[in-house]
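Step one of this worksheet: look at the structure below.
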Amino acid sequence: MSSLAIFQGVQALLPVQARSHLFEAELSDPPRLSDFPYVVIHGGWGDEVSGEPGDRSSCDIPDQAAMQVLCTMVATSREGLNAIVGQVRTALNRQRPVVAGWRFSRMIQRQVTTVEPDQRISIETISPLYVVDEFTFTAFRA
């Protein structure tokens, strides 16, 4: 299974106006206000299994994966963060990615962090704000 394809499938659900990045933000150097708001889609490669519970073999080809996709949403103001969170949640919550050879349960949203300032960077004396959502779902071989 290509977990990269699943992350790309999740990214494809986002509207064009929601600036998105896979795994890490690609910002200007130094970061500019025009880089914001954005969402970074990241996470682990999922827990792959095959067969039925109690009858799983390590030599089978995985036919299911439990996925946890994280979305870190970043903006330079509360209003901007509210806008990007709204776009991402509307586009992803209860939706299904589309990836050839796989079918998916609906993604379920859960907030992982509260809104926090990112003290690691500043843009024109502004520290961006961020929040992280987790979207969990299961992938099944089609």
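Quick notes on this one:
- Computed over the stretch 1-54, the Cα gyration tensor eigenvalues convert (square root of 5λ each) into semi-axes of 32, 12, 7 Å, ordered from largest to smallest.
- Compared with the dominant principal axis of the Cα atoms in the chain, helix 78-92 is inclined by about 20°.
- Computed about its Cα centre, the charge dipole of the chain is approximately 500 debye, with only Lys, Arg, Asp and Glu carrying charge at their Cβ.
- Most fluctuating residue given options 30, 15, 62, as computed from a GNM of the chain linking Cα atoms under 10 Å: 30
- Among 72, 114, 136, 90, the order by Cβ neighbours within 10 angstrom, fewest to most, reads 114, 90, 136, 72.
- A simple count of charges around residue 142, restricted to other residues whose Cβ falls under 10 Å of its Cβ and scoring Lys, Arg +1 and Asp, Glu -1, yields +1.
- Residues 45, 102, ranked from the fewest to the most other C-beta atoms within 10 Å, line up as 45, 102.
- Shape box of the stretch 88-142 [Cα atoms, principal axes, largest first, Å]: 50, 20, 18
- Correct choice for Kirkwood radius over Cα pairs in Å that was computed from the model, options (1) 16.1; (2) 19.7; (3) 15.1: (1)
- Ordered by the count of other Cβ atoms within 10 Å of each Cβ, fewest first, 110, 89 give 110, 89.
- For the chain, with +1 on Lys and Arg beta carbons and -1 on Asp and Glu, the positive-most of 46, 6, 82 along the dipole: 82
- Using alpha-carbon coordinates, inclination of helix 3-12 to the longest axis of the chain, degrees: 50 degrees
Read the figures in this text as sums done on the coordinates, not as results from a lab. Computed from a predicted model, the values in this text were never measured in an experiment. Note: ideal-geometry Cβ built from the backbone for every residue, glycine included; neighbour counts use all protein chains shown.
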